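The values are calculated or read from the model by the stated rules, or taken from the named source; none is laboratory data. All values reported here derive from a predicted model rather than from experimental measurement. Because the Cβ atoms are built from the backbone with ideal geometry, glycine has one as well, and the counts that use them run over all protein chains shown. Accessible surface is based on the protein model in full, side chains and every heavy atom, while ligands, DNA and RNA are left aside. Shrake-Rupley method; radii C 1.70, N 1.55, O 1.52, S 1.80 Å.
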Amino acid sequence: MPPVFAHGRLRLYLLKLLDEAPRHGYEVIRLLEERFQGLYAPSAGTVYPRLAKLEAEGLVTYATEGGRKVYSITEAGRAELADRSGELADLELEIRDSVTELAAEIRNDVRGAAGDLRREMRAQASASATQVEDESWKAAKEELRKARQEWKEQARRAKDESRRAREEAQQARRQAKEAQERAREEVQRIAVQLQEQFAKSGGVLGSLAGAWLGGGATQAGPSAAPAAEPAAGPSAAPSAPAADAEADAHWAEDLAPSGDPARDLDRLLDRFRDEVRDAARDYGVSSAQVAGARVDLAAAVARLRATLRAG
């Protein structure tokens with residue numbers, strides 16, 4: 001018989017069960033048995049070591065209640081589930097197939113046992129054609145009737161489980177697709193927000209953010225020309241960076257002043273560094289972009305030094 005779960009899939013399904021609600025190990029075993037309609041029940045030696053490994057990896061945690069360990073999924077565990085949402089949908093289909101295979105094996109076993117029983121009954125009837133049917137003969141017929149009834153019940157349950165698993169898998173695929181669309185929209189929104197935030201540096205860091213995030217800004221590099229200074233005078237129109245800075249005046253306002261300007265500046269720099277690093281991690285960065293970043297950051301440092309000296 002092929003394994004019910006392929007390599008690593010039981011680990012993923014345990015995370016799914018704990019994402020539904022905190023559970024202790026015995027409840028996890030019982031739920032798995034229910035999902036397979038009683039056709040499969042993992043042993044404690046299968047489930048508890050995997051829960052311990054998930055806890056060691058930081059994907060689940062546990063609290064002791066009434067002498068039992070109640071396991072709960074962590075944010076890291078939810079992140080892994082989100083990353084493997086498509087694989088989870090495939091796992092639901094695999095579970096459906098496993099239930100079907102297990103039901104088929106049970107059906108074959110029942111058929112084989114029923115065939116053996118029929119042959120035994122025929123041999124007994126042939127040897128005792130004139131013998132009055134006794135209690136053992138009645139018991140054999142009753143056993144055959146029970147076997148047929150059990151086979152029908154197992155087949156019905158397997159069919160119901162197969163239909164339910166197919167519907168859940170289709171729903172999981174739809175949810176995974178919707179989650180991917182939402183993630184894509186969120187990334188685009190963050191990219192636009194970062195470009196507006198970095199525009200406060202006078203366009204230098206704005207071009208760097210556009211190059212890294214693919215937001216449509218001009219790619220920075222050693223040969224990139226600096227932005228032209230806006231014309232002086234009362235009638236001069238505000239530059240695009242100034243307009244962006246004004247539009248994004250609320251950037252990092254969640255960082256409440258601490259009363260220590262030096263510390264507040266460090267916090268702003270940390271926010272800037274984290275957002276650029278996240279963008280580079282999500283979208284990648286080339287050698288040319290690193291070279292352009294060096295030029296832009298040098299210009300930004302010069303501007304900040306001038307600002308601090310003037311202060």
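Go ahead and run the numbers for FRET between E143 and E168, Cβ-Cβ distance against an R0 of 45 Å, rounding to 0.05.
0.75
Using per-residue counts of other Cβ atoms within 10 Å, averaged over each peptide, order 158-167, 86-95 from highest down. Could the numbers behind the result be given before it?
Numbers: 158-167: 15.9, 86-95: 18.7.
The densest-packed peptide leads the list: 86-95, 158-167.
Give, in whole angstrom and from largest to smallest, the semi-axes √(5λ) of the equivalent ellipsoid of the stretch 5-45, with λ running over the eigenvalues of the Cα gyration tensor.
After diagonalising the Cα gyration tensor, the semi-axes are 14, 13, 10 Å.
Could you compute how much accessible surface H24 exposes when probed at 1.4 Å, giving the result in Å² to the nearest 10?
40 Å²
What's the magnitude of the charge dipole for the stretch 4-80 around its Cα centre, counting Lys and Arg as +1 and Asp and Glu as -1 at the beta-carbon? Answer in Debye, nearest 20.
Here the size comes out at about 200 debye.
Roughly how many percent of the accessible protein surface of the stretch 31-105 is carbon and sulfur, given a 1.4 Å probe and a whole-percent answer?
On the way: 1780 of 3710 Å².
On the stretch 31-105, the fraction of accessible area on carbon and sulfur atoms equals 48 percent.
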